[in-house]
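Here's the structure we're looking at; comments come further down.
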Amino acid sequence: AGDAWGGVVKTGGIGQISYDDGDVGVYGQAEYNKYTGKNVKDNTSIEINTGGYYKAFENENSDLQVGVNLNYTSYDNNQNYFTFGHGGYFSPQRFVSVAIPIKYEGRSSTGKFSYSVEAAPGYQNYRQDDADYFPNNPDLQADLAADVAAGTAEAAVYEGNTSSGVGFAGEAKAEYKLNDTTSLGGSVRFNNFGDFNETAARVYLTHIFGDW
């Protein structure tokens, strides 16, 4: 029909507080976001993240950190699908996770090369509510519902679901100092739970200007 939709943008803010004495640390974070897009139903989310950690091992060139993390996230509506009006992003009405992040960091004796490996196995639970096929277009939704009633279409609503299980997140990162002000680095990140899988890779160049 020539209609376009998507292009979802997340806009919001984060507030956090943390304490670290060099061996033990604790933190808390609260986040609010609004999601907008072209012909996509607006959405909002809140996220609360808290946890603590301690250094289980440390020497001149490496250290091992172990902790616990608690997360609660909630979206106003379910935009998980791809029919007209959906944003196509994981947006549960309730998401709770408990994870055990483990992070190992190392540095070369010259200090030019550094790397880190992080893994966070954990337990997660989420709930997604029912969602209309066309959440942002009442006329299309009504037509589809009429087709379902007439027996010419199978469904007009995506059924909600609740799921629990083990999840895993991990990241590997390396960085090399080209000189005192410029570094080249890269990382690979992986995150999964249920039907959700995300893999991201990046290469970056950082430069410090002036006397900063």
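The values are calculated or read from the model by the stated rules, or taken from the named source; none is laboratory data. Quantities reported herein were computed from a predicted structural model and do not represent experimental measurements. Glycine also receives a Cβ, built like all others from the backbone with ideal geometry; neighbour counts cover every protein chain displayed. Heavy atoms of the whole protein, side chains included, go into the accessibility calculation; ligands, DNA and RNA do not. Shrake-Rupley method; radii C 1.70, N 1.55, O 1.52, S 1.80 Å.
Assorted remarks:
- The portion of the accessible surface of the chain made up by carbon and sulfur, rounded to a whole percent, is 55 (1.4 Å probe; DNA, RNA and ligands excluded).
- Among the listed pairs Lys103/Lys177; Lys55/Lys173; Lys34/Lys177; Lys55/Lys177; Lys10/Lys177, a Cα-Cα separation exceeding 29 Å is found for Lys34/Lys177; Lys10/Lys177.
- For log10 I(q)/I(0) by the Debye sum over Cα atoms at q = 0.07, 0.13, 0.18 Å⁻¹, calculated from these coordinates, the label among (i) -0.23, -0.76, -1.36; (ii) -0.33, -0.93, -1.36; (iii) -0.37, -0.93, -1.25: (ii)
- For the chain, the longest site-free run once GluC sites (Glu not before Pro) in DSSP loop states with at most 10 other Cβ atoms within 10 Å are removed: 61-153
- Under a 5 Å amide H cut-off, with hydrogens placed 1.01 Å from N, Gln93 pairs with Tyr75, Arg127, Gln128, Asp129 among residues at least 5 apart or on other chains.
- Amide H contacts under 5 Å for Ala153, placed H, 5+ residues apart: Val148
- Per residue accessible area of segment 1-57, 1.4 Å probe, in Å²: 66
- Taking segment 1-149 and dividing mean pair separation by its residue count, relative contact order in percent (alpha carbons under 8 Å, at least six apart): 18
- Compared with the dominant Cα axis of the chain, that is its longest principal axis, helix 138-150 is turned about 60°.
- Top positive-direction residue, dipole computed over segment 3-80 with Cβ charges, set Ile46, Val24, Gly67: Ile46
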